[in-house]
Amino acid sequence: MGEDVILVPIYTPLRTDEVNVSHRKVFYGGINVYMQQKWALFRRTSRWLDWFLDHPALLRTISHFSGNVDPTQLGDLTVSMLQGEQGNQRKELEKLVDWLIDEVRPEVVHLSNSMMLGLARMIAERFGPPVVCSLSGEDIFLEKLSEPFYSQARQLLCERATEIDAFVALNKYYADEMSKYLEVPRERVHVIPHGLDLAGHGVRNGQQENEPRRIGFLARICADKGLHLLVEACELLCTRPECPAFELHAAGYLGKGDRDYLRKIESRVADGPLAKRFHYHGELNREEKIKFLQSLDVFSTPTVYQESKGLPALEAQANAVPVVLPGHGSFPEMLEATSGGLLFKPHDTADLAEKLFEVLSNTSLAKDLGEQGKLGIENKYHVSAMAEQTLGLYRTLITEKTATL
């Protein structure tokens, strides 16, 4: 589209199953941020030492051995980051803004989530481009903070939200929720749906008549994403003699802190009716992910929380795979737009099993849902539409900002 975009990693190098197009430099490196929070000495260290601690190779190594992010242990750091120029990481903010001014001079700055709101004030004061902020499910983290940090963070979020020119949510559900959460007018939260790069996606392969059907799960392996609920539902399916033979296949990133969670699931499976019918494929790259999705007969991510994005469910539908999703969060809105699956009662494994059975046992229904979902993705969730809407928002904000100067 002829525009220059720089994707700047924060905390750690970008993790993606796509081609990594992010900038080589990491700002607010996770090691520096943590040490500056805990020890005042590191708030005054030289930039050469900061450069060493922010080196992408070092950050990758440390993140590989670290556990999951625990909100109950990060309340003080979260509050400090939201304080921005008044927080313990002021030095990191100054380095980022200096770089933006000296080397980039952007016409728009787009923050990845609302926990970055503390950056906006200094950016606006130093060189003044419009600041946009995506809303991407960070309330799940924030709601797990302990007091007094939870109340402090909520207050800072509402205060700093007034300094943002526009927010972007991926669906109306989350736009409504976060406008209330941040206490900002709903008209300041723009809805720009997910955009998929459909290259490589296509029609599912499915299984031959004499092969077991494949139920699929693709998400980060953790309790929030609900793999244990899908396992329980599949165990219920095993008790139904009229159900076609099936296997459960899961894939996705597994953090160090969630390895016990997966081990418990594998132990339960080994001793139950799903023995030898559960397969974990690990973390997949883009090509492997598409191949995995195209091998499925039905897909489900029975999230425990109200999902704000649901990207894997969209990717499944892009490959004509019918989906079975909980009737909360963004999922009802998604399936209203695509007609690519069925909803079940959230947290109700019996209802999940029933909806999975409907799809597995009715090939005509599965085919119709898959075709409808694929068409819905192609019409409403493709990358060019997302890019055009995002660029349109940027141009509007630039025009409005220029008019006020």
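Numbers for the structure displayed
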| quantity | calculated |
| --- | --- |
| Under-5 Å amide H pairs with residue 301, H placed in peptide plane, nonlocal only | 324 |
| Label-to-label distance, nm, for residues given as residue 172 and residue 14 (7 Å Cα→Cβ offset) | 3.1 nm |
| Cleavage-rule hits, GluC sites (Glu not before Pro), segment 77-152, DSSP coil, Cβ neighbours within 10 Å at most 15 | 107, 143 |
| Whole-number percent relative contact order across the chain, with pairs defined as alpha carbons under 8 Å at least 6 apart | 14 percent |
| Tilt relative to the chain, helix 383-404 - C-alpha long axis, 0 to 90 degrees, to 10 | 20 degrees |
| Segment 213-380 pair-distance distribution - Cα-Cα, 5 Å bins, rounded % | 2, 9, 19, 23, 23, 15, 6, 2, 0 |
| Segment 131-158-segment 208-263 distance, computed between alpha-carbon centres (Å) | 32 Å |
| Total charge dipole magnitude, segment 101-183, about the Cα centre, Cβ charges on Lys, Arg, Asp, Glu only, Debye to nearest 20 | 20 debye |
| Sparse-neighbour loop sites [trypsin sites (Lys or Arg not before Pro); segment 237-338; at most 14 other C-beta within 10 Å; DSSP] | 276 |
| Neighbour-limited loop hits for trypsin sites (Lys or Arg not before Pro), segment 80-179 (at most 15 other Cβ within 10 Å; DSSP other than H, G, I, E, B) | 144 |
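FYI, it's all coordinate maths here, none of it is from the lab. If you're wondering where the values come from, they're calculated on a predicted model, not measured in any experiment. Here Cβ is always computed from backbone atoms with ideal geometry, including for glycine, and neighbour counts include all displayed protein chains.
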